[in-house]
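Reviewing the structure listed below.
The values are calculated or read from the model by the stated rules, or taken from the named source; none is laboratory data. Quick caveat, the model's predicted, so the values are computed rather than measured. Here Cβ is always computed from backbone atoms with ideal geometry, including for glycine, and neighbour counts include all displayed protein chains.
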Ligand SMILES: [Zn+2]
């Protein structure tokens, strides 16, 4: 079932449409699509966790956990609000908090309840492009600045050591997400509850 | 109602990086449940995390890793569709999880001056508690050794810096010595987190502090 997803598996890795693959997992429990996602993301999650201080065997085990959660929670993925890399990152981060800090992280109220909407292709594409732009901007930062950001996300800096001034163009991606949230609220028929 | 006092970028990035003590993450999650603007900003920091993950390099997985994971997901139940966590009362959903319900479920303890508090179960890097301040009452004058976040859930309070009502967060550091006063009209209920014990200067003798776990 490749509806709307004919180009989901193009040869050049950079152009692979990860979101389309994850939607195939979501909608059709497509194990071949999952395998493609696994081959790309699992070794990155493992590297990420080892840079966060996990030993090789713990990182291997947790990377498998992360990919299993990706399968299990595929129906919560919204390509208008996050790229697959971002989604995988949030799962890996939470696994790291559980495994390495033995703590937990409170999560905001979930917004995606109710029937899963058909993702808007144009929105998903823009979110993906914004994320790619962000990746290029990160790569283009002067090394000391980039290193500081990486160390923050590898969990090497305490909250008081983190500098919020990243030098990254976050304004555009934030307004895209804000727009997606507004549409979602509209669909849910309400604003955030504030009474 | 408009939220006027938001979380700082530093806190949102630390939350996205997974580096906040649990008590602070609870205040952040509660504010994000009420404020889409901060939620979008937090999500954009998540996207930075995604970019860092993409560039983290690759370390080969074990040979059987994919096969084992495929075998495992065979048996995994589909995660339940998120239940409507939208709280019906005044507590945002993540706070309901910690309290085990809304306002009536809170087990308050008196701390003097009509003020009540309830410590919430989190890891020990920081303390989260609910504060109940009767309308018109002052919270004893206190300074901070660390960072303190206070999210208003009901009513409003004012201190030397400004006025704070539902959804607003006050971020107080060591430099701030303040006397928050609950405004008249409605009792004020706040969720507060701090990574150091409060030093009350007024009503409560310092000796009593360990008893109250303040
Ligand atoms: Zn806010």
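One table, with the values for the structure above:
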quantity: Matching residues, segment B:147-182, being within 15 Å of the chain's Cα centre (by Cα) and in a loop (DSSP other than H, G, I, E, B); calculated: B:147, B:166, B:167, B:168
quantity: Unique residue being closer than 30 Å to residue A:130 by Cα, facing chain A (nearest Cβ under 7 Å) and at pLDDT 95 or above when the list is B:30, B:51, B:56, B:16; calculated: B:51
quantity: Where a residue in segment A:128-151 is more than 9 Å from chain B (Cβ to nearest Cβ) and its partner, wherever it lies, is loosely packed, with under 15 Cβ neighbours inside 10 Å, with Cβ under 7 Å and at least six apart; calculated: A:148/A:163
quantity: Residue in segment B:75-90 that is closer than 27 Å to residue B:162 by Cα, in contact with a strand residue (DSSP E or B) (Cβ under 6 Å, 6 or more places away or on another chain), part of a helix (DSSP H, G or I) and away from the ligand (no atom under 16 Å from the Cβ) present; calculated: no
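Yes/no per residue for (1) within 16 Å of the ligand (Cβ to nearest atom); (2) touching a helix residue (DSSP H, G or I) at 6+ places or on another chain (Cβ under 8 Å):
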| position | (1), (2) |
| --- | --- |
| B:8 | yes, no |
| B:11 | yes, yes |
| B:22 | no, no |
| B:28 | yes, yes |
| B:33 | yes, yes |
| B:40 | yes, yes |
| B:50 | no, yes |
| B:53 | no, yes |
| B:58 | no, yes |
